[in-house]
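Structure, as structure tokens:
The values are calculated or read from the model by the stated rules, or taken from the named source; none is laboratory data. Source: prediction; values computed, not measured. Every residue, glycine as well, gets a Cβ built from its backbone with ideal geometry; the counts of neighbours run over all protein chains shown. Surface accessibility is based on the protein's heavy atoms, side chains included, excluding ligands, DNA and RNA. Shrake-Rupley method; radii C 1.70, N 1.55, O 1.52, S 1.80 Å.
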Amino acid sequence: MPAEKLIIALPSKGKLGDDSDRFLARAGLPVYKPNRRQYSATIPSLPQAEVVYQRPRDILSKVGDGRADIGITGLDIVAEHSEDSADVMIIDRLGFARCTLLLAVPDSWIDVSSIADLADLSLRQQESGVPLRIATKYSNLTKSFLYRQGISHFLLVHAEGAMEAAPRMGYADMIADISETGTTLRENHLRPIDGGNIIDAQAVLIGNRRGLRASADKLETLRELIERIEAHRRARQFVSLRANIAGESVEDVQMRILANPALSGSKGPGVVAVASPPGMPQRWFETNLLVRSDLIHKTMQHLRALGGTDIIVTRPDYVFDAESATYNRFERVLHSDERLTRQ
């Protein structure tokens, strides 16, 4: 019986879509989409997976109702609609597409620079009988945040598209929206206020609890996906240094390298004898060290001081640990949630 395929929903367009494709490609999981107009694709290096392209908001819905097993979308979207998606769990925070959902006011509001100033303004607006109008498509997050700040007198105006234009067009006084660099806010004469950051967001990998629990095949494919992403992310912290060092024996070279533990590799040096040509007056040994990227030069100097030569530095594509911390954490949450459901 053929194995069940893992259905992966990816953002179909925009910066999040481009960043997601690049993220997977860097991890050795490039998506093959023969026709740009198609909404399905494959990952050749992960043959037990199928890709469907959707809008970021629809990815949450697809994963929530089980039409996709996992997906990449924004943490802001998941947090805003979490009550509508009881079966969705966050598997991993992916570290790209970082942005902030924040409150921004017109530059002309010179007396409003903090959340405390905004609280005072909302009270004055209430007393005058005119509510403070805030344009946003993140009604749940914005309302909860304002309530936590002690601000309860406001009117949320649902808006899509170019939120920054709302105050200028007159249908809102200020906005609550996503900002990555702040450039668009400045270009529209808006500015964030101190203490007005609602949530720091980034791309997240989400999954459907029920569907993943029910299929060992899908869990095994997901394990490979997670481990490859994790190992690639870990590999960026390390480089591999190889060098030839003259010495009396393997043990002699090992001990000389280990004399400086901070520069002897993450688990110590690997040392093997080199088959030197006949008549070579010295015995040579090759060492291989896995070191942190910030220690490249110091480790190279350490090897040179020991007579090291022919020093080669390479960057690994993957560095796998003894176990995948990300997958183990996901599995614990998945099964603990299952036990709670059975009680």
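Taking the Cα centroid of segment 290-330 and of segment 75-124, what is the distance between the two, rounded to the nearest whole Å? Result: 39 Å between the Cα centres.
Kindly work out what percent of the DSSP beta bridges joining two residues of the chain are antiparallel, to the nearest 5. Show your work: numbers first, answer last.
Numbers: 43 of 58 bridges.
Restricted to the chain, the bridges split so that about 75 percent are antiparallel.
Dipole orientation for the chain: of the candidates Ser179, Leu225, Gly95, Leu225 has the Cα lying most toward the positive pole (charges on Cβ; Lys, Arg +1; Asp, Glu -1).
For segment 232-343, the residue among Gln301, Gln282, Ala235 whose Cα projects farthest onto the positive side of the dipole built from Cβ charges is Ala235.
Ordered by 1.4 Å accessible area with all protein chains kept, Leu123, Leu212, Leu156 run largest first as Leu123, Leu156, Leu212. The charge dipole of segment 132-204, taken about its Cα centre with unit charges on the Cβ of Lys, Arg, Asp and Glu (plus for the first two, minus for the last two), comes to roughly 220 debye. Here the Debye sum runs over all C-alpha atoms of segment 24-105 as equal scatterers in vacuum, and log10 of I(q)/I(0) at q = 0.12, 0.13, 0.14, 0.25 Å⁻¹ comes out as -0.43, -0.50, -0.57, -1.34. Our analysis of segment 159-283 gives Rg over Rh at 1.31, with the two radii drawn from alpha carbon positions and Rh computed by the Kirkwood formula. Annotation: extensible slack from Arg37 through Ala162 equals 42.4 nm (criterion: 0.36 nm per residue apart, minus Cα-Cα distance). Think of the chain as having a plus end and a minus end, set by charges on the Cβ of Lys, Arg, Asp and Glu; of Val112, Asn35, Pro56, Asn35 sits farthest toward the positive end of this dipole.
Multiplying the residue separation of Asn328 and Ser266 by 0.36 nm and subtracting their alpha-carbon distance yields 20.1 nm. Sequence neighbours fewer than 8 away in the same chain don't count; with that in mind, list the lysines whose C-alpha is under 17 Å from Lys13. Answer for Lys13, where 17 Å is the Cα cut-off: Lys33, Lys62, listed by chain and number.
Within segment 112-171, report the trypsin sites (Lys or Arg not before Pro) that DSSP leaves as loop and that have at most 12 other Cβ atoms within 10 Å. Working shown, then result.
Values: sites: Arg124, Arg133, Lys137, Lys143, Arg148, Arg168; in loops: Lys137.
Here no loop site has a sparse enough neighbourhood.
Using Cβ point charges alone (K and R +1, D and E -1), the dipole size of segment 261-343 about the Cα centre works out to roughly 220 debye. Full extension of the segment from Ser249 to Thr183, taken as 0.36 nm per residue of separation minus the current Cα-Cα distance, would add 17.6 nm. Here r is the Cβ-Cβ distance between Asn197 and Ala3 and R0 is 25 Å; the resulting FRET efficiency, rounded to 0.05, is 0.05. The fraction of accessible area contributed by carbon and sulfur in the chain is 50 percent, rounded to a whole number (1.4 Å probe; ligands and nucleic acids excluded).
Are there GluC sites (Glu not before Pro) in segment 126-185 that DSSP marks as loop and that have at most 14 other Cβ atoms within 10 Å, and which are they? Kindly include the intermediate steps, with their values, before the conclusion.
Values: sites: Glu127, Glu160, Glu164, Glu180; in loops: Glu160, Glu180.
Qualifying residues, ordered by number: Glu160, Glu180.
From a point 7 Å beyond the Cα of Arg22 in the direction of its Cβ, which residues of segment 149-184 have a backbone N at a distance under 20 Å? Under cut-off, by backbone N: 179-184.
Could you provide, to the nearest whole Å², the per residue accessible area of the chain with probe 1.4 Å? Could the numbers behind the result be given before it?
Working: 18210 Å² over 343 residues.
Using a 1.4 Å probe on heavy atoms only, each residue of the chain averages 53 Å².
With the biggest extent put first, the Cα atoms of the chain measure 97, 58, 47 Å across the principal axes.
Looking at the chain, identify the longest residue range that excludes and avoids all chymotrypsin sites (Phe, Trp or Tyr not before Pro) in DSSP loops having at most 15 other Cβ atoms within 10 Å. Can you show the working numbers first?
Working: sites that count: Tyr39, Phe96, Tyr171, Tyr318, Phe320.
The answer is 172-317.
Using R0 = 56 Å, the C-beta based FRET efficiency linking Ser240 and Asn140 works out to 0.75.
As an equivalent ellipsoid, segment 219-302 spans semi-axes of 32, 16, 10 angstrom, where each value is the square root of five times an eigenvalue of the C-alpha gyration tensor, largest first. In summary, the aspartates and glutamates within cross-link reach of Lys267, defined as a Cα separation below 13 angstrom excluding same-chain residues under 8 places away, comprise Asp321.
Restricting segment 250-290 to trypsin sites (Lys or Arg not before Pro) that sit in a DSSP loop and have at most 16 other Cβ atoms within 10 Å of their own Cβ leaves Lys267, Arg283. Taken about its Cα centre, the chain carries a charge dipole of about 640 debye when Lys and Arg each add +1 at the Cβ and Asp and Glu each add -1 at the Cβ. Each residue, Val274 and Ile312, gets one label point 7 Å from its Cα in the Cβ direction; the gap between the two is 1.1 nm.
Write down Rg/Rh for segment 51-202, rounded to two decimals, with Rg from the C-alpha atoms and Rh from the Kirkwood relation over Cα pairs.
Values: Rg = 16.6 Å, Rh = 16.5 Å.
Here the Rg-to-Rh quotient is 1.01.
Using a Förster radius of 56 Å, what is the FRET efficiency between Tyr171 and Ala305 based on their Cβ-Cβ separation? Nearest 0.05, please. FRET efficiency, Tyr171 to Ala305: 0.20.
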